[in-house]
């Protein structure tokens, strides 16, 4: 049935209403309360002053540690979101994982949509730093999933081995993986499976629950490189994202194995469109079509994705706000990758390289994972276009170097269009 | 940290949706928890805000092993054992040999009550050690405590330990500010503890904020060691090379009582009650929390078909020389008491002393190719 969105406002107290609808189904609707919610202050157990609770961040190198001053901690430590998520919970992963001198992690997560509001004084500067100057207070994020606007997008398959676009989506009204209860997580699974079940034609597919898959199914998913494991990264486990594993986790993919959805891993959903070869245009077209179809299907049941005009799509990690989009290719660049100008070229094209195992892996041979650097402040169409134009440039450089010709570092492209 | 308003929020979801899936689980919590118990307890919380879900999270996240039965739940504070007694009582009964909710636990830290124990053969018994844990009343436990609380426990502990004199005079090394040299020395002495890696502990939230307010204290003689804020508020260890368990136990009891005096002066004595003895984070350590043991060479006896049975009858357990879940190296075993709750410190150490003495005699007999059949003990 259609969802009920209702607002109960009384003074400074909590906002929200829960309505139980139908047999076994729960619809939760919330409106974001623009006021800071000092929710049930008496419930936040404070025997010690903020100064005694302030974390020791002297050896830390992450965005949270860079911005959480004792004064800011003091201001926010007694607050909680309507569901009861606190600052200490949001920053726990950053306190537990001091970081690396070379790799600056974010150091905090969101437990629900309201986190970004209640703790805005900390999230905003973190977001600004992580997203290269995007200011959530003053700027608006454009969303554009119209794949027809893409120009080009058919790469030279002598160089580009595979193409992939991924993003995440959160179901509004249900808490995020760091904070969700088992009931909420199972509800996310139900809502998403229900919608995916409505996909047709080239998008029609099947769901494989992690706790119920057969050994044969598991082996097939491993062979297809689709299966995800319980997180081992302390960045994720310290944020509570692996609780109750593997309850309500699963993988859905279409029969053609070109459209894949992870349920309840790091986000409510991770949506991936991929195929071998260099047809990024088709990958993105399927991506947009699939996402919009899923959105339509959940809206039919009264649900929607978490989104707002400043932060775009709301996801667990602030690094994935905006589009949450990573569009990339596996591309062979034996000459270019040895050229000392390689990193600078990537920087100017606003691209990043990873190994072929994904984040924090090394390249094998000279095949690299090349993808967009930015997530927030540009639309999906803009970012994919950036990748297309950039990868074309890289391939041109590779060809030039093959022939002994010289290459040029391109002018830096502007970040916010 | 609080779960109060979050737990209120959670109560709006129906029981069946929140009840964990324990179908593949093998731990004490999963064997005991029912929907009825969950219904009864899910809405409660201790005064500090610890809930049933908090207690059982580690057991939900770690289904267990077919052969090794873990506990699967922890306490977040002293009150957990009372507020969630419908869960903890049967878990305690299963883990501690049928211990009933009405049973009383005897505490006896009078080392003079130990008979013998000063003459274990050092050709076989390489080292002797007694450890226990203590929780400081008025503070919540490692799964739940905030940074402020953990630091307060550390501060009190340092004060208590620095007040010790004589053979107990020593120094505190905070994990956070240790020099490289100090760290190397502590590793060489086998004193240094690391951030927990066991998912049993991590899932219970015990490694939060590491290494803040964690540290190691030891006396100058390196025979009395205290871990601060690892798995419990305090882990107290008395140890030395050779087989003089009596001396080890004497130092253990004396040191513990001295420390307790200082805490009591600050109105923060140790958590204890007459039913559960000393209150610790894991239900497996209730009672005495004591593990008294030796590293002993038993190459022949350990391969004898009756070895396991002998251990069981003596109420002892074996571990490898690396501690829990490790294998023995070169026929050297860690032999210690199996019981924690329902018998006193003196009684448990007595079992170790008598049992190890017997096993060394068996080993000597087997060396001479003589039979040990006549020596197999009755069930203690």
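Taking the average, over residues, of other Cβ atoms within 10 Å as the packing measure, peptides B:301-309, B:225-233 rank B:225-233, B:301-309 from highest down.
Distance from the Cα centroid of segment B:70-103 to that of segment A:300-338 is 47 Å (rounded to whole angstrom). Shielding value for B:141-154 is 3, the average number of Cβ atoms from other chains within 10 Å of each residue's Cβ. With the Kirkwood sum run over all distinct C-alpha pairs, segment A:255-318 has a hydrodynamic radius of 13.3 Å.
Calculate, for residue A:230 and residue A:339, the FRET efficiency according to 1/(1 + (r/R0)^6) with r their C-beta to C-beta distance and R0 56 Å; round to the nearest 0.05.
On the way: r = 40 Å, r/R0 = 0.71.
That pair, residue A:230 with residue A:339, gives E of 0.90.
Helix A:87-96 and the longest principal axis of the C-alpha atoms of chain A enclose an angle of approximately 50°. Over what distance in Å are the Cα centres of segment B:226-256 and segment A:118-167 separated? What the calculation gives is 57 Å, centre to centre. The length gained on full extension between residue B:137 and residue B:190, counted as 0.36 nm times the residue separation minus their Cα-Cα distance, comes to 16.1 nm. Summarising the overall dimensions of segment B:259-380 from its C-alpha atoms, the Rg and Dmax are 17.2, 59 angstrom.
Pairs of Cα atoms in segment B:111-368 fall into 5 Å distance bins, from 0 up to the last occupied one, in shares of 1, 6, 13, 17, 19, 17, 13, 8, 4, 2, 0, 0, 0 percent. Between residue A:411 and residue B:65, the modelled label-to-label distance comes to 6.5 nm, taking each label 7 Å out from Cα in the direction of the beta carbon. The modelled label-to-label distance for the pair residue B:123/residue A:348, using points 7 Å beyond Cα in the direction of Cβ, is 8.1 nm. Once the Cα atoms are used to define both axes, helix A:380-402 deviates from the longest principal axis of chain A by about 30 degrees. Protection proxy ranking of A:59-71, B:96-108, by the mean of other Cβ atoms within 10 Å over each peptide's residues and highest first, is A:59-71, B:96-108.
Over all residues in A:182-189, what is the mean tally of Cβ atoms on other chains that come within 10 Å of each residue's Cβ?
Across A:182-189, the average partner-chain Cβ count within 10 Å equals 4.
Axis angle, to the nearest 10 degrees, between helix B:345-367 and the longest C-alpha principal axis of chain B: 40 degrees. Summarising the label geometry, the points placed 7 Å from Cα in the beta-carbon direction at residue A:307 and residue B:113 lie 7.2 nm from one another.
Expressed in Å, the radius of gyration and Dmax of the Cα atoms of segment A:238-350 are 17.4, 54.
Counting only Cα atoms, the size of the protein assembly as shown along its three principal axes is 89, 69, 50 Å, in decreasing order. When you restrict to C-alpha pairs under 8 Å that are six or more residues apart and normalise by the size of chain A, the relative contact order lands at 18 percent. Our compactness index for segment B:5-96, the C-alpha radius of gyration over the empirical 2.2 N^0.38 Å, is 1.03.
Using the Kirkwood radius built from alpha carbon pairs, what does the Stokes-Einstein equation give as D for segment A:134-245 at 37 °C and 0.692 mPa s, in µm² per second?
It comes out at roughly 180 µm²/s.
Over segment B:147-205, what per residue volume does the convex hull of the Cα atoms give, in whole Å³?
121
A straight line joining the Cα centroids of segment A:231-270 and segment B:344-379 runs 53 Å.
Read-outs: derived from the displayed coordinates by stated rules, not from any lab. Since we're looking at a predicted model, the values are computed, not measured. Because the Cβ atoms are built from the backbone with ideal geometry, glycine has one as well, and the counts that use them run over all protein chains shown.
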